[in-house]
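A.B. asks: The structure is given below, and queries will be raised subsequently.
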Amino acid sequence: MEPDMSCGEEAAAAVRELQLILQTLGTSQANMAEGQMRVDANVSVHHPGEPYGVRAEVKNINSARFLAKAIDYEIQRQIKVLENGGEILNETRAFDDKTGRTVPMRDKEGKQDYRFCPEPNLPPLILYDNQTIPAHVDAQQVINIDWLREQLPEMPSAKREHLVQQYGILPEHSFTLVNEVGLVEYFQRVVEQTQSNPKKVIGWIINELLGHLKQCNLPVKQSPISSASLSELLNLLEKGSISSSAAKQVFQEMWNNEGKSAAEIVKEKNLGLIQDQKELEKICQTIIKGQQEVVSEYRKGNKKVLNKLIGLVQKATQGRADPVVVKAILEEALS
């Protein structure tokens, strides 16, 4: 992350990455809403090729979202001032999240004496590496940065790269996994316990699990659906025991009734796939008879309307029909 950034979202992304690094190291949870981390933004504008302009500092910002808004507002404010013939003051400003504007606090034109002085209780900090550490010094009594580097956990950027390489998921999905505390481990446990492709697993975790967690404002560790429970559900789907629409119903039941297994819910709600081919053919014929206008459109060459018939069969069977099988039956019946 270079310190020279060009927009608010770029700065917000850098802050989020810093939060992840601090959390990974165990230094801090870096929860900005709880005051564990604050951000100052120095903003200036200039034409390409010209010297940097006078900067204003926006102090004590308490969220990455507000940081992005503060910077973008300040950029536009400074541009407007200059275009109107004004001058940018070297000043400290604050961001008002209610109005979405920055407001002046104090100027920096005069030299300020902060009365800094040496702290006598803090001795000098001398750093060594493997090449410079003195031979006669006890390695446990000095700070060796090479030794510290070896003890570091995997950093977020490296973790994202490994997820993409190991599981073949999209880079943006790796960001989602790493950004949520505990979600990488949850994902990996599901992959280990299910027969589903990791790409299918990531879809369920991001679209279903994470969506429900966000809606209920819950962290991953408080999810009503454990990794083992989700794995069981995905295995039923992979084996063809239930349809994808039925699987979503089962997921919702598992969320609402913590402790019930996917297999129990499928049995109780009778959500297993209809295996009887003749029964499916009968249902399809009923739908065809009741949708003659759609049938006529299909036979005129509009193949897209077949999806409507498939949807009606799914509705009639409460999601218990395999869409692939239904499509084949309908195509044969309409040929």
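The values are calculated or read from the model by the stated rules, or taken from the named source; none is laboratory data. All figures in this text were calculated on a predicted structure; none of them were measured in a lab. Cβ sites come from the backbone with ideal geometry, for glycine too, and all protein chains shown count toward neighbours. What goes into the accessible areas is simple: the full protein's heavy atoms, side chains included, and nothing from ligands, DNA or RNA. Shrake-Rupley method; radii C 1.70, N 1.55, O 1.52, S 1.80 Å.
A.B. asks: Which residue out of Arg101, Arg93, Arg106 is touching a Pro at 6+ places or on another chain (Cβ under 7 Å), closer than 30 Å to Glu74 by Cβ and surrounded by 10 or more Cβ atoms within 10 Å (Cβ to Cβ)?
C.D. replies: It is Arg93.
A.B. asks: Looking at (1) open to solvent by 100 Å² or more (accessible area, probe 1.4 Å); (2) more than 30 Å from Lys69 (Cα to Cα); (3) of a type in the set (Asp, Glu); (4) modelled with pLDDT under 90, can you tell me which one Glu150 breaks?
C.D. replies: Of the numbered conditions (1) open to solvent by 100 Å² or more (accessible area, probe 1.4 Å); (2) more than 30 Å from Lys69 (Cα to Cα); (3) of a type in the set (Asp, Glu); (4) modelled with pLDDT under 90, the odd one out for Glu150 is (4).
A.B. asks: Further question on the same structure: Does the stretch 9-42 hold any residues that are of a type in the set (S, T, N, Q) and under 23 Å from Asp97 (Cβ atoms), and which are they?
C.D. replies: Gln19, Ser28, Gln29, Asn31, Gln36, Asn42
A.B. asks: Name the residues in the stretch 254-301 that are at pLDDT 90 or above, polar (S, T, N, Q), more than 16 Å from Ile329 (Cα to Cα) and open to solvent by 70 Å² or more (accessible area, probe 1.4 Å), would you?
C.D. replies: Answer for the stretch 254-301, where residues must be at pLDDT 90 or above, polar (S, T, N, Q), more than 16 Å from Ile329 (Cα to Cα) and open to solvent by 70 Å² or more (accessible area, probe 1.4 Å): Asn256, Gln292.
A.B. asks: Can I ask one more? Do we have any residue at all in the stretch 6-24 that's among the β-branched types (Val, Ile, Thr) and open to solvent by 40 Å² or more (accessible area, probe 1.4 Å)?
C.D. replies: Yes, the stretch 6-24 has at least one match.
A.B. asks: Hey, another quick one. I'd like to know if the stretch 208-218 contains one or more residues that are under 24 Å from the mean Cα position of the chain (by Cα) and outside any helix (DSSP H, G or I).
C.D. replies: Among the residues of the stretch 208-218, at least one is under 24 Å from the mean Cα position of the chain (by Cα) and outside any helix (DSSP H, G or I), which makes the answer yes.
A.B. asks: Could I ask something else about it? Answer with yes or no whether Gly53 is more than 23 Å from the chain's Cα centre (by Cα), open to solvent by 40 Å² or more (accessible area, probe 1.4 Å) and small (Gly, Ala, Ser).
C.D. replies: When the stated conditions are applied, Gly53 does not pass them.
A.B. asks: With respect to Val45, is the statement that it is over 24 Å from Lys98 (Cα atoms), open to solvent by 50 Å² or more (accessible area, probe 1.4 Å), in contact (Cβ under 8 Å) with a residue 12 or more places away in the chain and not in a helix (DSSP H, G or I) true?
C.D. replies: Judged against the criteria, Val45 is not a match.
A.B. asks: Is there a residue being under 25 Å from Val191 (Cβ atoms), in a helix (DSSP H, G or I) and modelled with pLDDT of 90 or more anywhere in the stretch 241-248?
C.D. replies: Yes - at least one qualifying residue is present in the stretch 241-248.
A.B. asks: Right, another one. Under the condition of being under 18 Å from Gln252 (Cβ atoms) and surrounded by fewer than 17 Cβ atoms within 10 Å (Cβ to Cβ), which residue from the stretch 188-207 is nearest to the chain's Cα centre (by Cα)?
C.D. replies: Asn207
A.B. asks: Quick one: in the stretch 133-147, of everything that is among the aliphatic types (A, V, I, L, M) and in a helix (DSSP H, G or I), which residue is surrounded by the most Cβ atoms within 10 Å (Cβ to Cβ)?
C.D. replies: Ile145
A.B. asks: Right, next: Considering only residues that are touching a residue at least 12 places away in the same chain (Cβ under 8 Å) and in a loop (DSSP other than H, G, I, E, B), look in the stretch 48-70 and name the one that is farthest from Pro104 (Cα to Cα).
C.D. replies: Filtering first and then ranking leaves Ser63.
A.B. asks: Just to be sure, is Ser243 of a type in the set (S, T, N, Q), touching a residue at least 40 places away in the same chain (Cβ under 8 Å) and touching a Lys or Arg at 6+ places or on another chain (Cβ under 7 Å)?
C.D. replies: Spelling it out, Ser243 is indeed of a type in the set (S, T, N, Q), touching a residue at least 40 places away in the same chain (Cβ under 8 Å) and touching a Lys or Arg at 6+ places or on another chain (Cβ under 7 Å).
A.B. asks: Quick test for you: out of Leu67, Leu82, pick the one residue that is over 28 Å from Gln19 (Cβ atoms), among the aliphatic types (A, V, I, L, M), buried (at least 16 other Cβ atoms within 10 Å of the Cβ) and out of contact with any Leu (no Cβ under 7 Å at 6 or more places or on another chain).
C.D. replies: Only one candidate qualifies: Leu82.
A.B. asks: Hey, which of the helices (runs of 4 or more DSSP H) in the stretch 287-335, taking only ones fully inside, have at least 1 residues that are touching a residue at least 60 places away in the same chain (Cβ under 8 Å) and closer than 19 Å to Lys248 by Cα?
C.D. replies: 306-316, 323-334
A.B. asks: Considering the stretch 212-256 alone, what residues qualify as being among the polar types (S, T, N, Q) and farther than 30 Å from Val325 by Cβ?
C.D. replies: Those that are among the polar types (S, T, N, Q) and farther than 30 Å from Val325 by Cβ: Gln215, Asn217, Gln222, Ser223, Ser226, Ser227.
A.B. asks: Does the stretch 219-228 hold any residues that are open to solvent by 30 Å² or more (accessible area, probe 1.4 Å), outside any loop (DSSP other than H, G, I, E, B) and within 15 Å of Gly259 (Cα to Cα), and which are they?
C.D. replies: Gln222, Ala228, listed by residue number.
A.B. asks: Which ones in the stretch 153-178 are assigned to a helix (DSSP H, G or I), of a type outside the set (Lys, Arg) and open to solvent by less than 30 Å² (accessible area, probe 1.4 Å)?
C.D. replies: Pro156, Leu163, Ser174, Leu177, Val178
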